[in-house]
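First comes the structure, then the notes that go with it.
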Amino acid sequence: MKKPKTTNRFCPSCKKKTEHKIKLLATGVKRGTLRRGSLIRAKQRNAMPGMGNKGKFGSKPAIKKWKRKTKNTKRNVFIYTCKECKKAHQSKKGLRASKVILE
Ligand SMILES: [Zn+2]
């Protein structure tokens, strides 16, 4: 879905409609990336085999992972920054979409 970079919105601190800049909220740090048996830990200790089938550490995920592709969309949260007072507000409900392009 395409969305404009700026929009007119009500600013609670200015108490009037002003121009806002839209920014997509970035997803946070992935949890459990350095857990025991994780791929990143294996990469750090150079446990990856150099030749042949890489098995668990290969590029293709385990069958269990790609079999359950149930969720195709996620809720995108936008941050609206007022251009006059430079305060930021969040959209309350967000928007369900597979991909959001700000233009
Ligand atoms: Zn404002």
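The values are calculated or read from the model by the stated rules, or taken from the named source; none is laboratory data. What you see is a predicted model; the values in this text were computed from it and never measured. No Cβ is skipped: glycine too gets one built from the backbone with ideal geometry, and neighbour counts run over all protein chains shown. Surface areas here come from the heavy atoms of the whole protein model, side chains and all, with no ligands, DNA or RNA. Shrake-Rupley method; radii C 1.70, N 1.55, O 1.52, S 1.80 Å.
For every residue, the table says whether it meets (1) loosely packed, with under 11 Cβ neighbours inside 10 Å; (2) modelled with pLDDT of 75 or more; (3) within 16 Å of the ligand (Cβ to nearest atom); (4) more than 17 Å from the chain's Cα centre (by Cα).
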position	(1), (2), (3), (4)
48	no, no, no, yes
68	yes, no, no, yes
81	no, yes, yes, yes
103	yes, yes, no, yes
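Can you tell me how many residues within segment 83-100 are more than 16 Å from the ligand (Cβ to nearest atom), assigned to a loop (DSSP other than H, G, I, E, B) and open to solvent by less than 100 Å² (accessible area, probe 1.4 Å)? So the answer is 3.
Kindly indicate whether any position in segment 11-24 is away from the ligand (no atom under 16 Å from the Cβ) and without any contact (Cβ under 8 Å) to a residue 40 or more places away in the chain. No: zero hits.
Scanning segment 9-46 for residues that are surrounded by 11 or more Cβ atoms within 10 Å (Cβ to Cβ) and among the small types (Gly, Ala, Ser) yields 13, 38, 42.
Taking segment 21-47 as the range and being part of a strand (DSSP E or B) and closer than 21 Å to residue 96 by Cβ as the test, the residues that pass are 22, 23, 24.
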